[in-house]
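Derivation of every value follows stated rules applied to the coordinates shown; laboratory data play no part. Just so it is clear, the structure is predicted and the values come from calculations on it, not from any experiment. Note that each Cβ is placed from the backbone with ideal geometry, even for glycine, and that neighbours are counted across all protein chains shown.
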Amino acid sequence: MMSTEYLLMVRRRGKNFFIKSILTVSIILFISGCADKSGLSPKIRLPQNYSNISAKSVFSSNNYKWWREFGSRTIDRLVKTALKNNSDIKAAAEKILEMRAEFSGSHSVLFPSVYTNFNAARQRQNSVNGITGRANSYYFNSFHLSLSASYEIDLWKRLSSSDKAARAAMLETAENKITVIHAVISNSVMLYFEISGIDRRINLLKKERKLLRRIISIEKQRYENGTASLLDLKKSEYEFANKEMEFLTLKQQLHDKKYKLMILLGKYPNNTKPYKLFDFRNKNLPVLSDLPSSLLLKRPDIRAKILQINRMNFMLKAAHAARFPQINLTGSYGSESDALKDIFRPENILWQIASGISAPLFDAGKLKSSENAALHKYNEAVIDYAKTLMEAFYEVQNALQNNELLSKKRNYAEILLKNAGVRKNIILSRYKAGLSNLVTLYNAQMSYYQTSDLLNQTDLAFYLNRISLHKAIGGSWIKTEKKGEHRYE
């Protein structure tokens, strides 16, 4: 019979051999997995400034709420209602909560998992006595209580990379929500301006239609008296029919814009005017100089694209690390007894500690293909980022150039309106002096209305382009008091 000391020595040597084996394998695997594939940060060069833009063509805002530069309380109420009721904004907020919950779930894999288990069983067994031939029944109770834990050693950063990818996805969703908010605000203000512009055009058309009816009445009398030709009468009737068609088209557009605005505000469409209409005239908008193109990098959709690149980068790292062995540690501690009252007795305690290594030997190229797919997704994200950045640069460049051109068109339209007013007054004076007829006066009045409509459309285009510029920048840009320091809101 072997002595107790000999058994303890054999057990101790086996334990030391086990620990040394685990350490040796871990070191070898660590060295073999040091080659880390990670995506490179995109380096895309932007032009420093926008070309062919004069200093006075760029705007500024002293408040990050850019729509307040229009000085309209109605717009403030519109924006507040949209931010409160818009369905897209609510859905984007729920998406953030969803991604936050998913991130919390993925983050938990970095920590050990601990579970508790309790089992209670009662078993019946029958046996036959070999001598008497009688059947006997025996009952057994079994109670088991245990606490188990498992943990994966993240040597190759597979779990941490997946966790960082989930965090980047959550932040990307937050940036997408800001993008949705900017889109809802800018679209709401645009629709409000379009409604105001169409309403002004309809009011002018009402005056023109009324004037054309008078002209047609005069032309009929002149034709019946033989002092005018049928051609003059038909020409006036044609102009009136054309104005009727234009009037009905504008009414249709007005209803369409109102309904779209109501949907953005989270309300059902109705035929009432939602708010007081905007007056485009006598609005002095602030101006600024020196708008750097690097400001685009702070646009929420651009930031979302950068976070998408980071997410794809971490997913690539996780796919690369999945090709290396996984090391798991498991342990359990509990007790087992045939009587519930004895389950905590020392002689019934059981425990176990184990470690395991699983490594892919052959998977027909599955893991390698997954890594290649992650690499291509990363490259796609970089290309998409470059495309989005280029489109954003174009949007701002185009809006700035249009801002300068529309400012000049507004000046010329004001000159035209002023000249049309002078011409109308001159013909009115000649009519009162008996030197001009009523038709000529009405035509001068019609020309004045048409010029007013031209100025109205130019004003509308100027303000819509202004909103497009804010939308292209993704908000507003504030120049702080410190020299050379800028802040984005």
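Some values worked out for this structure:
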read-out	value
Size of the stretch 305-430 as Cα extents on the principal axes (Å, biggest first)	123, 46, 18
Farthest positive-ward along the stretch 344-384 dipole, Cα basis, beta-carbon charges - from Pro346, Asn379, Ala364	Pro346
At most 14 other Cβ within 10 Å, DSSP loop - trypsin sites (Lys or Arg not before Pro), the stretch 108-171	Arg134
Distance between modelled label sites at Phe140 and Leu97, nm, 7 Å Cα→Cβ extension	5.2
Total charge dipole magnitude, the stretch 287-351, about the Cα centre, Cβ charges on Lys, Arg, Asp, Glu only, Debye to nearest 20	640
Euclidean distance between Cα centres, the stretch 160-186 to the stretch 74-104, Å	13
Links that overshoot a 29 Å alpha carbon limit, given the list Lys276/Lys305; Lys177/Lys267; Lys95/Lys305; Lys267/Lys387; Lys207/Lys257; Lys90/Lys298	Lys276/Lys305; Lys267/Lys387
Sparse-neighbourhood loop sites, trypsin sites (Lys or Arg not before Pro) in the stretch 375-429 - DSSP loop, at most 10 other Cβ within 10 angstrom	none
Inter-probe distance in nm under a simple model that places probes 7 Å from Cα toward Cβ, at Asp76 and Thr249	3.8
Estimated distance in nm for a label pair at Ser229 and Gln125, the labels positioned 7 Å out from Cα along Cα-to-Cβ	12.4
Under 19 Å from Lys366, Cα to Cα: aspartates and glutamates that are on another chain or at least 8 residues apart	Asp36
